[in-house]
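Encoded as structure tokens, the structure appears first; notes follow it.
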Amino acid sequence: MVAIVGRPNVGKSTILNQILGQKVSITSRKPQTTRHRIMGIDTIGERQAVYVDTPGLHGEEKRAINRLMNRAAASSLGEVFLVLFVIEGTRWTEDDELVLSKIKQANIPCWLIVNKTDKVPDRAELMDTLKALNEKHDFENVIPVSAKQNRQIDHLRQLVLKALPESEFYFPEDYITDRSSRFMAAEIIREKLMRFTGDELPYATTVEIEQFKLTPRGIYHINGLILVERETQKRMIIGKSGSHLKTMGAEARKDMEALFDNKVFLELWVKVKAGWADDERALRSLGYDNDYKG
Ligand SMILES: Nc1nc2c(ncn2[C@@H]2O[C@H](COP(=O)(O)OP(=O)(O)OP(=O)(O)O)[C@@H](O)[C@H]2O)c(=O)[nH]1
């Protein structure tokens, strides 16, 4: 098992999706898109790498949801053979420092993955950064990649497969993730909320799947409930005459049909549930602590 860790927004989920050639972990340009720990399973011939994509580790922990996300990320370090520590180009922040300190504590082999190299045109600058970072920790490997442009991703994938010790497969070879279709449906809806709403709104929303069933005519009938914290947010999500919700629903349905390889009928509802992100009990009932073992 291989953990992919790093601060929010460095491209962890994009790297995983590129390795697998399929979207199992949602992405957006906004930090803290990934809220759960998700496994992506890569099997080639006799080898299987199980990647654990984690929420971005961050210093800010005022809300219960942030505490649970950080715990999910940190706890994954306890159970893996290798850590891929992802950073963004030549940028090094306090949150990167925080992630590195957790890795040092865990004392497991770590590779530094320098992503978004497409944003660093100056090779000399990149080399200087790599040199400086190498002095911070004894990284087993330092690999510059660009997940967006799919550069060096296959190289990384092959190196990981070679580095893993011999053992039984953890998952059947046709598995691509450990998560259920129901979970994936909720994540797809959440991705559209992250992508199609303003800067603050996505952090005030979460998604519950109230119904997921296959009808006798072979169509998936999915009901998704979007929870928000305030009435004004509900109005923003729904939009004029429901137009905004309709656009997000259409995009989500397209992705679901591609992922499930099946026709989908999707209904979305929006409900106000004040304080859901601050309330640990409410979060547990929404499945936010399933990731955390400790
Ligand atoms: N230019 C560039 N952008 C990238 C690259 N990789 C990812 N991105 C973008 O960076 C943003 C964040 O990517 P994610 O994969 O969601 O990042 P993450 O680290 O999983 O984020 P969290 O969910 O916040 O932990 C998205 O807009 C991606 O398209 C890259 O190699 N180059």
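The values are calculated or read from the model by the stated rules, or taken from the named source; none is laboratory data. In this text the structure is predicted, and so the values were computed from the model without any measurement. Here the Cβ is made from the backbone with ideal geometry for all residues, glycine too, and neighbour counts use every protein chain on show. The protein model used for the area step is the full one, side chains on, heavy atoms only, and it has no ligands, DNA or RNA in it. Shrake-Rupley method; radii C 1.70, N 1.55, O 1.52, S 1.80 Å.
Structure notes:
- When the chain is treated as a Gaussian network with alpha carbon springs shorter than 10 Å, the biggest mean-square fluctuation among Ile113, Ile189, Ile219 belongs to Ile219.
- The stretch 125-182, Cα convex hull volume normalised per residue, Å³: 165 Å³
- Of all DSSP bridge pairs formed entirely within the stretch 73-224, close to 40 percent run antiparallel.
- Computed over protein heavy atoms with a 1.4 Å probe, the carbon and sulfur contribution to the accessible area of the chain reaches 47%.
- Antiparallel DSSP beta bridges within the stretch 181-286, as percent of all bridges there, nearest 5: 45 percent
- Taking the empirical scaling 2.2 N^0.38 Å for compact globular proteins as reference, the stretch 197-263 has a Cα radius of gyration ratio of 1.25.
- The Rg/Rh ratio for the chain, using Cα coordinates for both the radius of gyration and the Kirkwood hydrodynamic radius, is 0.97.
- The alpha carbon gyration tensor of the stretch 2-163 gives principal lengths a ≥ b ≥ c with a/c below 1.5, which makes the shape rounded.
- Solvent-accessible area per residue in the chain equals 49 Å², computed with a 1.4 angstrom probe and all protein chains kept.
- Modelled this way, with points 7 Å down the Cα-to-C-beta line, the labels at Leu130 and Asn150 are 2.3 nm from one another.
- Computed over the stretch 1-65, the P(r) tail beyond 18 angstrom holds 35 percent of alpha carbon pairs.
- Each listed q (0.15 Å⁻¹) maps to a log10 I(q)/I(0) for the stretch 227-275 from the Debye sum over equal C-alpha point scatterers, namely -0.47.
- Bridge type composition, the chain - antiparallel percent by DSSP, nearest 5: 40 percent
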